[in-house]
Amino acid sequence: MKKIEGRPKTLLQLLTGVKYTIHYYQREYRWGKKQIEELIEDLSGEFLEHYDPDHERREVERYGHYFLGSIIITHEGGENAIIDGQQRLTSLTLLLMYMAHQLTGDDQAEVQKMIYSTAFGKKSFNIDVPERAACLEALYNGRDFDPTDAPESVQNMYARYRDIEDLFPEGLRGAALPSFKDWLIHKVELIEITAATEQDAHKIFVSMNDRGLSLTPTEMLKGFLLSEIADNEPRKRANDLWKQRILELKALGKEEDADFLKTWLRARYAADIREGGKDTVNLDWDLIGTTFHKWVSENTSKIGLARSADYEHFVLQLFMRYSKVYIDLLKRSATWDARFP
């Protein structure tokens with residue numbers, strides 16, 4: 001792995017004049033109301049420790065800084081791809097969008113530049129993910145939007161924006177809002193960690209999210225499989241189909257995505273199982289049942305994964321075929337059908 005560089009940046013520096021994409025192996029945007037509430041409480045609480053209604057606005061420059069963690073990006077391929085930190089940056093963008101509706105004049109314009117930019121007459125959001133654009137457009141312009149059939153990330157973004165509307169503190173509205181805006185964009189900082197290559201980015205992503213952070217084994221497995229598909233078009237298609245099928249599995253039960261993967265991998269690839277006894281070790285069957293994402297990455301030859309085409313086939317053909325069979329079996333087991341007694 002090449003040298004990793006990290007530097008502190010204010011929210012203004014991170015989100016002004018920069019376009020970000022979100023990599024195919026990233027998880028969905030999944031923050032709930034609890035996380036948004038905690039973010040707003042943390043930021044408002046820190047600001048209000050310093051704020052006094054009698055302060056002139058320029059005094060905000062002396063207020064304390066606030067550290068909001070780190071993000072990981074890579075510049076490979078001419079993109080600024082967010083590898084880790086999209087939950088926070090997406091949530092902060094939603095917060096800024098809400099504040100832009102409440103601000104006026106230069107204050108509003110400054111925040112708007114952190115949300116979107118225009119080039120050659122075309123406006124695009126600074127976190128540029130095509131499937132999210134329609135929702136963000138509607139929220140930004142105060143229009144109605146129906147998230148019912150939208151992807152999981154879009155449904156959550158829409159819900160979290162409505163939460164921000166309800167949770168934004170009264171003490172920050174009105175006269176206090178411009179000062180809070182100044183503090184938020186100039187005094188809230190994150191460490192931007194830059195990975196040189198796609199491979200390095202994936203290694204950092206796995207190591208950070210495989211040590212107690214809240215990424216699921218299913219998401220980790222998707223990240224590994226898709227990172228081994230060389231071409232963009234099949235990789236994007238695999239990502240889209242994977243996300244849709246996981247949603248279908250989760251609609252049948254909270255853990256059905258993991259249950260399917262364990263069942264399929266055990267049935268098709270497990271060659272051995274731990275025998276009873278004091279000093280025995282976990283073997284294929286047992287390892288798949290606990291850390292199937294690791295088992296796959298460590299047993300690629302057993303599965304037949306060597307080239308990019310193998311990974312394409314594994315996701316686009318085998319995963320899709322057997323997950324469909326699994327879903328059909330679950331549905332048949334829940335509802336009586338005389339054709340499938």
For Ala81, the lone unmet condition from (1) more than 30 Å from Ala230 (Cβ to Cβ); (2) touching a His at 6+ places or on another chain (Cβ under 6 Å) is (1)
Give me the residue from segment 156-170 that is in contact with a Phe, Trp or Tyr (Cβ under 9 Å, 6 or more places away or on another chain) and more than 30 Å from Tyr63 (Cα to Cα) and, out of that set, surrounded by the most Cβ atoms within 10 Å (Cβ to Cβ). Met157
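Among the residues of segment 171-180, are any open to solvent by less than 20 Å² (accessible area, probe 1.4 Å), among the hydroxyl-bearing types (Ser, Thr, Tyr) and touching a residue at least 60 places away in the same chain (Cβ under 8 Å)? Steps first, please.
Restricting attention to segment 171-180, the residues satisfying the condition of being open to solvent by less than 20 Å² (accessible area, probe 1.4 Å) are 172, 176-177, 179-180.
So of that shortlist, the ones also among the hydroxyl-bearing types (Ser, Thr, Tyr) come out as 179.
So of that shortlist, the ones also touching a residue at least 60 places away in the same chain (Cβ under 8 Å) come out as 179.
Yes, there is a match, as at least one residue in segment 171-180 is open to solvent by less than 20 Å² (accessible area, probe 1.4 Å), among the hydroxyl-bearing types (Ser, Thr, Tyr) and touching a residue at least 60 places away in the same chain (Cβ under 8 Å).
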Please state which of the following conditions Glu59 fails to meet, knowing it meets all the rest: (1) free of Cβ contacts under 8 Å to residues at least 12 places away in the same chain; (2) not in a helix (DSSP H, G or I). (2)
Scope segment 62-76; condition over 19 Å from Leu14 (Cα atoms) and either open to solvent by 60 Å² or more (accessible area, probe 1.4 Å) or not in a loop (DSSP other than H, G, I, E, B) (or both); matching residues: Arg62
Check whether at least one residue in segment 111-123 is over 21 Å from the mean Cα position of the chain (by Cα), surrounded by 19 or more Cβ atoms within 10 Å (Cβ to Cβ) and either polar (S, T, N, Q) or outside any loop (DSSP other than H, G, I, E, B) (or both), and report yes or no. yes
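Scanning segment 137-153 for residues that are free of Cβ contacts under 8 Å to residues at least 40 places away in the same chain and surrounded by 15 or more Cβ atoms within 10 Å (Cβ to Cβ), which turns out nearest to Ile83 (Cα to Cα)?
By that ranking, first place goes to Ala150.
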Go through (1) more than 22 Å from the chain's Cα centre (by Cα); (2) open to solvent by less than 30 Å² (accessible area, probe 1.4 Å); (3) at pLDDT below 95; (4) within 30 Å of Thr148 (Cβ to Cβ) one by one and return the number of the condition Leu252 breaks. (2)
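The values are calculated or read from the model by the stated rules, or taken from the named source; none is laboratory data. A quick note: this is a predicted structure, and the numbers were derived from the prediction, not measured. Neighbour counts run over all protein chains shown; Cβ positions are idealised from the backbone, glycine included. In case anyone asks, the SASA skips ligands and DNA or RNA and just uses the protein heavy atoms, side chains included. Shrake-Rupley method; radii C 1.70, N 1.55, O 1.52, S 1.80 Å.
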